[in-house]
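All remarks here apply to the structure that follows.
Bear in mind that the values in this text are calculations on the coordinates, not laboratory data. Please read all numbers here as calculations on a predicted model, not as lab measurements. Please note: Cβ atoms are built from the backbone with ideal geometry, for glycine as well, and neighbour counts cover all protein chains shown.
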Amino acid sequence: MSKSAGEAELEFQLKAAKIEYEREYRFDLVRRWRFDFKILDTYREKLAVEVEGGAFNGGHRRGINANKDCEKSNAAVMAGWKVLRFTPYMVETGEAIETICAALGRDL
């Protein structure tokens, strides 16, 4: 799968912060749902990150796609995942990597 600009930037930031991750992690084998990132730096919990590529005007915020995103997020939570969701703007400003570091209990 190709990465969005927001995903590419967050990947760069994760590498710079030395946070281990797996890209396009399939968390549901039946539905074939994937997370943009599964964070591997945690042994206590399942932590995933999603970058919302169409946060302001894209297809994921409209109609059936918005419903599918909610269904996916709810299934992940029910399976015990903590899912951090960010817009590309939040990645660009550094808010995303700061939040991920805080979730891991570490400094940036």
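Observations on the structure shown:
- Residue-count net charge about Ala48 - beta-carbon cut-off 12 Å; Lys, Arg +1, Asp, Glu -1: +2
- Taking chymotrypsin sites (Phe, Trp or Tyr not before Pro) as exposed when their DSSP state is a loop state and no more than 16 other Cβ atoms lie within 10 Å, the longest site-free interval of the chain runs over 57-108.
- Exposed loop sites are taken as trypsin sites (Lys or Arg not before Pro) in a DSSP loop (any state but H, G, I, E or B) with at most 16 other beta carbon atoms within 10 Å; the longest stretch of the chain without one runs 63-105.
- The value of relative contact order for the stretch 5-104, using C-alpha pairs under 8 Å at least six residues apart, is 27 percent.
- Dividing the summed helix terms, -39500 (n - 2.57) for each DSSP H run of n ≥ 4, by the number of residues in the chain produces a 222 nm estimate of -12000 deg cm²/dmol to the nearest 500.
- A value for semi-axes √(5λ) of the Cα gyration tensor in Å was derived from the coordinates, and within the list (i) 27, 17, 10; (ii) 28, 13, 11; (iii) 21, 17, 12 it appears as (iii).
- Amide proton proximity set for Glu52, modelled H, under 5 Å, gap of 5+: Phe86, Thr87
- Integer Hz, Karplus 6.51/-1.76/1.60 couplings in order for the stretch 13-25, x for Gly and Pro: 5, 5, 4, 4, 8, 6, 9, 6, 8, 10, 7, 6, 6
- Positive contributions from Lys and Arg (+1) and negative ones from Asp and Glu (-1), summed over other residues with Cβ under 9 Å from the Cβ of Val91, come out at -4.
- A Cβ-based charge dipole, computed about the Cα centre of the stretch 5-104 with Lys and Arg at +1 and Asp and Glu at -1, lands at about 440 debye.
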